[in-house]
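Structure, as structure tokens:
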Amino acid sequence: MLFPTRPCKSQAPAAVAAICSLRPSSSSPALIPSPYHDDNPFASLLTSDPPPPDPLRQVLATGDVHGALRGLPGLSRQLFRWAEGTSHGFPRSASAFAAVLVPLAEARRNRSAYPVSLRAIQAGLLLPLISLLLTYPLSPSSHHLLNFLLRMSTKFVPECQAQDPAPTSCSTQCLSAFQEMARQGVAPYVKVCNCVLSVLCDAARWDDMRAVYSDMLQLGVEPSIVTYNTLLDSFCKAGRIDQAVMLLKDMEAQVAGCLPNDVTYNVVISGLARNGELDKAAQLVDRMRLSKQASAFTYNPLISGLLARGFVEKADALQQEMQNDGIVPTVVTYNTLIHGLFKRGNVEAAELKFLEMRAMGLQPDLITYNSLINGHCKACNLKQALWLLGDLRRAGLAPTVMTYNILIDGYCRLGNLGGAMRFKEEMRAECCLPDVCTYTILMNGSCKVKNIAMLREEMMPSGISSDTVTYNILIDGLCKAGSLKDAYVLWMKMVSDGLQLDCVTYTCLIHAHWWEILIQHMAGSGRCWKKEWNLMK
């Protein structure tokens, strides 16, 4: 139950009177005309057990539920809530949903319209409902309802993603709804258009974003700063930096009709830094700094870009510059610095940043600890990594699958497979289930084919699917053990599972094949190859 049920006593007498005196009127045409009697989606509700209460029974008995509910939003809500509780449920029909939503839209009852709209979307009736509303004369209330439904379709996307991991199929829903409105010449509110653009941006549908923006202009929808910032973000993520810079210049010259703000510049700086155009990013940072618009969000992308390309001293100088200007670094700033320093092998400098972070009163998060633990594991300093694991727990945080995978990899790097396996068991004890990366790390660290096979057998009942890397490790292990037949069987299994074979897969098999030919040649030559054999081993 999304909202508490409220009695509609105040509307009941008026509803009964309205129903009893229901007559067709040419002066006030219904937004949604009544369906034919033999196509009444509400007919089955009359036979519900228990029967519908008054005045709902009288509404359903008219055969013209659409007309009976006009001007009665409370009764419309009551009908939906009651019908949902019956064995039949609310009729899965666009016409039925329209009958309830129209009175709610006319009264601007958005809170009551939310569960009705959500159920319509869940039933796959968004497009039929919008198409139905668009076939009749547009009024302020119907325009509001269309925008409400389109906005709801963008809110529904996360729920859709939970059922379908492909964001493309989810974003199609709101895009189709927008296109249907655009085809009929109905302009959505600019805020709703921005929501559609945001969903498409998250799904990396760059061309569709441009099409929506073009439709907005044709429909006379004036873009807002949010529109332009979303477009800039999409250009940067798609690697179209030239287009992003061009749009920024248009905004600065007021050609776009909207001046850039701090978010605009931060988006472009992030895109430039991510694509390696550090000089251009630095120029924009300087401009923001001089105009007193700079923040930690301005500096963080450039610091990350500098560290990614090995400019450690410049990144450190940039941090000092921002602090000198009174800009306080954030946890993200320090996480970026710590990760970048460890990546460059500067363990001591990374540790100093961690201490500096704490001295400033900033609380390290899981990303901080994972970066530190990973850095120390790769530096073969497991003692410090384990201390950090304890510190993570003392801070009230719980290790994640990534945390455990980092530690397991650290043990495997040192050849301590027993320690790695103990951490795998600890993961299970902590209800942190191993994933495909966990088993891949363990297989890669295992020296014996028997151990690899045991790990794969343990992995399969857990519902964890092997990836290309996992198969490559298994094939390589079998090839090295001389089990070419088993390696080929696994190779065919890999193909049947629909996984993409890469150069590593083929290299393992080719090496094993030629190794087998070489051994056969040596054995058949009649010569003693003891010295050479020992060298090859």
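The values are calculated or read from the model by the stated rules, or taken from the named source; none is laboratory data. Owing to the predicted nature of the structure, the values given are computational and were not obtained by experimental measurement. Note that each Cβ is placed from the backbone with ideal geometry, even for glycine, and that neighbours are counted across all protein chains shown.
The table below lists the values:
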{"read-out": "Given (1) assigned to a helix (DSSP H, G or I); (2) on the phi > 0 side of the Ramachandran plot, number of the condition residue 276 does not satisfy", "value": "(1)"}
{"read-out": "Selected residue (only one of 397, 341 is within 24 Å of residue 429 (Cα to Cα) and either within 30 Å of the chain's Cα centre (by Cα) or modelled with pLDDT of 95 or more (or both))", "value": "397"}
{"read-out": "Long-range neighbours under 8 Å by Cβ, at least six apart or interchain, first residue at negative phi within the stretch 303-332, second acidic (Asp, Glu) and surrounded by fewer than 17 Cβ atoms within 10 Å (Cβ to Cβ)", "value": "331/365"}
{"read-out": "Extreme residue, surrounded by the fewest Cβ atoms within 10 Å (Cβ to Cβ), among residues of the stretch 317-334 that are more than 32 Å from the chain's Cα centre (by Cα) and not in a helix (DSSP H, G or I)", "value": "326"}
{"read-out": "Qualifying residues in the stretch 171-189 (those that are farther than 16 Å from residue 221 by Cβ and touching a residue at least 24 places away in the same chain (Cβ under 8 Å)) - the one surrounded by the most Cβ atoms within 10 Å (Cβ to Cβ)", "value": "171"}
{"read-out": "Qualifying residues in the stretch 87-106 (those that are on the phi < 0 side of the Ramachandran plot and surrounded by fewer than 16 Cβ atoms within 10 Å (Cβ to Cβ)) - the one modelled with the highest pLDDT", "value": "92"}
{"read-out": "Flag if residue 113 is in contact with a Phe, Trp or Tyr (Cβ under 9 Å, 6 or more places away or on another chain), modelled with pLDDT under 90 and within 21 Å of residue 91 (Cα to Cα)", "value": "no"}
{"read-out": "Residue check for residue 290: farther than 22 Å from residue 237 by Cα and either in contact with a strand residue (DSSP E or B) (Cβ under 8 Å, 6 or more places away or on another chain) or aliphatic (A, V, I, L, M) (or both)", "value": "yes"}
{"read-out": "Residues (polar (S, T, N, Q) and in contact with a helix residue (DSSP H, G or I) (Cβ under 6 Å, 6 or more places away or on another chain)) located in the stretch 304-338", "value": "304, 330, 333, 335, 336"}
{"read-out": "Residue 247 being out of contact with any strand residue (DSSP E or B) (no Cβ under 7 Å at 6 or more places or on another chain) and buried (at least 18 other Cβ atoms within 10 Å of the Cβ)", "value": "yes"}
{"read-out": "Neighbours by Cβ (under 7 Å, 6+ apart or cross-chain): first from the stretch 338-354, free of Cβ contacts under 8 Å to residues at least 24 places away in the same chain; second part of a helix (DSSP H, G or I)", "value": "353/334; 353/337; 353/338; 353/341; 354/338; 354/372"}
{"read-out": "Residue that is nearest to residue 266 (Cα to Cα) [pool: residues in the stretch 290-316 that are crowded, with 18+ Cβ neighbours inside 10 Å and polar (S, T, N, Q)]", "value": "298"}
{"read-out": "Residue ranges of helices (runs of 4 or more DSSP H) in the stretch 38-154 with at least 2 members under 35 Å from the mean Cα position of the chain (by Cα)", "value": "73-84, 94-106, 110-122, 126-134"}
{"read-out": "All helices (runs of 4 or more DSSP H) inside the stretch 199-269 with 1 or more residues being closer than 19 Å to residue 280 by Cα and over 25 Å from the mean Cα position of the chain (by Cα)", "value": "241-252"}
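Per-residue answers, yes or no, for (1) farther than 28 Å from residue 433 by Cβ; (2) of a type in the set (S, T, N, Q); (3) touching a strand residue (DSSP E or B) at 6+ places or on another chain (Cβ under 6 Å); (4) surrounded by fewer than 16 Cβ atoms within 10 Å (Cβ to Cβ):
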{"position": "336", "(1), (2), (3), (4)": "yes, yes, no, no"}
{"position": "342", "(1), (2), (3), (4)": "no, no, no, no"}
{"position": "347", "(1), (2), (3), (4)": "yes, no, no, no"}
{"position": "360", "(1), (2), (3), (4)": "yes, no, no, yes"}
{"position": "383", "(1), (2), (3), (4)": "no, no, no, yes"}
{"position": "388", "(1), (2), (3), (4)": "no, no, no, no"}
{"position": "396", "(1), (2), (3), (4)": "no, no, no, yes"}
